[in-house]
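Below is one structure; the comments refer to it alone.
Just so you know, all these numbers are worked out from the coordinates, no wet-lab data involved. Just so it is clear, the model here is predicted, and its values are computed rather than measured. Quick reminder, even Gly has a Cβ in these numbers, built from the backbone with ideal geometry, and neighbours come from all protein chains shown.
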Amino acid sequence: MTTEIRVPTLGESVTEATVATWFKKPGDAVAVDEMLCELETDKVTVEVPSPAAGVLADIVAAEGETVGVDALLGNISEEGNAGPEEVKPKAEEKAAAAPAAAGGTSVDVMVPTLGESVTEATVATWFKKVGDTVAQDEMLCELETDKVSVEVPSPAAGTLTEIVAPEGTTVDATAKLAVISSGEGAAAAAPAAAAAPAATTSAPASSGKDVEDAPSAKKAMAEAGLSAGQVSGSGRDGRIMKEDVAKAIAAGTSAAAAPAPAAAPRAPVAADDAAREERVKMTRLRQTIARRLKDSQNTAAMLTTYNEVDMTEVMALRNEYKDLFLKKHGVKLGFMSFFTKACCHALKEVPEVNAEIDGTDIVYKNFVHMGIAAGTPTGLVVPVIRDADAMSFADIEKAIAEKGARARDGKLSMAEMQGGTFTISNGGVYGSLMSSPILNPPQSGILGMHKIQDRPMAINGKVEIRPMMYLALSYDHRIVDGKGAVTFLVRVKEALEDPRRLLMDL
C-alpha cells in the first residue's frame, strides 16, 4: 500500500512554497509523524511529517523546487509492501537485524513532550548503556532544552538494545531515542546492538556545516553580497534561512566587513597554563541565558533606581506568627510573600512597570503574573506564579516553595516559565548587598532584593541599629519614567515598613 506525501495547508494567502530540505532519502524507513522535509514560504518554515509508517519510496519534488498547496511531494510504501526495488535491501537489513524481536517485543523510546514552542532538545546524559536491564519508568536519559531539563523514563521493562541518539545529539520533538526489547529476544539483541553506539556517535561530528542552506537564503545572500560565514543560521542543524539573512543585513553586516576572528579577544596562554585549563561547551540553558540577557541590554533603555527598607516590622510580624502560620498552612512564612504582596500593591498604582512594549503599542496587564528568579545547578530560571495579586500569603508561600523545588530538580515545564509580567530576584540569599538586576524581556521591571544587614539609622533624632535592606528596581525607561520608578519603590518600602497598609490597601 502506498501513501502520498502532499504539501500541507501553508496559511492564509500563501499559495506556494519552496522545498528547502529533505531529511530522508528514498529507501529510508520512517515512522508516522516523523519529519520528512522542510518547506519554506515567504513568511514561515513548514515541516512536513510522514502520514504513515513505512519506507520512503520516492521523492517527487526535489530540494529547490517550488510547489503549490496539496502538491505531491513523494510517496510512502507502508510496511509489508516494499514498493520500488531499491527499498528492499533496506527492508532485508532491517529483517536481518531483528532476531532480537523473536520471542520478544521492541518498544521505541521517543522524545517526550517538550513544551509549547520547543521543537528540539540536546541529549545531555544517558544513565543506561546498551545491554543494561531497565525497569518500567526507570530514567534512561536526560534531554536539555533552551529552558529546562527533561528526564526520559523507560516506556517498558526489558533490555536497552539500541541507542539511536547518543549524548550530544540534537533531536526534534518527534525523534526516536532508543529501543527497549522485552521478552526472550531481549538478551540476544543486546550484544548485537552494543557495537552500534560507536558507529552512531561519530554521526553528529561529521554533520558539521554540510547542511544545505535554504534556496531563498542563498539568493538573498548573493543579492546582499554576504557569505555564509557572515550569517548565523537558525534552521535545523544551523541551516541558514531567509529571515536569518534579513537579520544579518539589518544588523549592518556587509560584504566589505572583515570576517570576525574565530577566537575573539582571547589572550595568549602559556603552554603550561593551557595544560591546566578545562574547556566545557556551554549548555543550551546557559547559551539561552547569555543571549536573552544581552538582548535585553541591547533592546531596552534600562535604568536602575535604588532605595532602602527598614525590615523591623516585617521581621517582627514574621517572628510572631511563623509557628502558627506553619501549623495552619503547612508551609513556612518567609519574606518573599511580603515582597510579592508589596510589589502587587505598587504595580496597581504604577501600571507601566507591569506593562510591555509591542512594536509601537504599550500593553498594560490588568493582572500580575509574578516571576520569582531561582538559582539552580544549571543556571538561573524564572518560574511564574500566575495571578499572584489575587493570592493569599499562604498561597504565595506554597507556590514559591513548590516551584522552587521543581526548579532545583530541573522539572519545571516551559508553561511554568512563560507569561510573567514582573520579576523579583533575591540576591540576598547569596550575600549580595547591592546589585543592578537585568530585565527579563519583554517585561519592563524587575525588583532586586538584597542582604538584610544591621546598620545605624537616625530614628526620631536618635541613632538606632536597624535591619536594613537595599532595594533596586531596574526598568525600561522607554515606558517607565523616573517618577513612576521612584513611586513604585516608595510604595514597596512603605508597605514593608508598615505591613498593615497591605491589609487596608493603602
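Brief remarks on what is shown
- Here the spin labels are modelled as points 7 Å beyond Cα on the Cα-Cβ line, and at residue 62 and residue 317 they lie 7.4 nm apart.
- Length gained when the stretch residue 250-residue 176 is fully extended (0.36 nm per residue, less Cα-Cα span): 22.8 nm
- Since only 329, 366, 353 are under comparison, the one whose Cα sits farthest along the positive direction of the charge dipole of segment 309-372, derived from C-beta charges on Lys, Arg, Asp and Glu, is 329.
- Extension gain for residue 436 to residue 293 (0.36 nm times residue separation, less C-alpha to C-alpha distance): 50.2 nm.
- For the listed residue pairs 322/365; 341/398; 328/348; 328/411; 24/176; 403/493, the alpha carbons are over 22 angstrom apart in 322/365; 328/348; 328/411; 403/493.
- Linear extension gain, residue 138 paired with residue 119, 0.36 nm per residue minus alpha-carbon span: 4.4 nm
- From most to least packed by mean Cβ count within 10 Å, the peptides 357-365, 429-437 give 429-437, 357-365.
- Protection proxy ranking, highest mean first, for peptides 131-139, 336-344, 319-327: 336-344, 131-139, 319-327, where packing is the per-residue count of other beta-carbon atoms within 10 Å, averaged.
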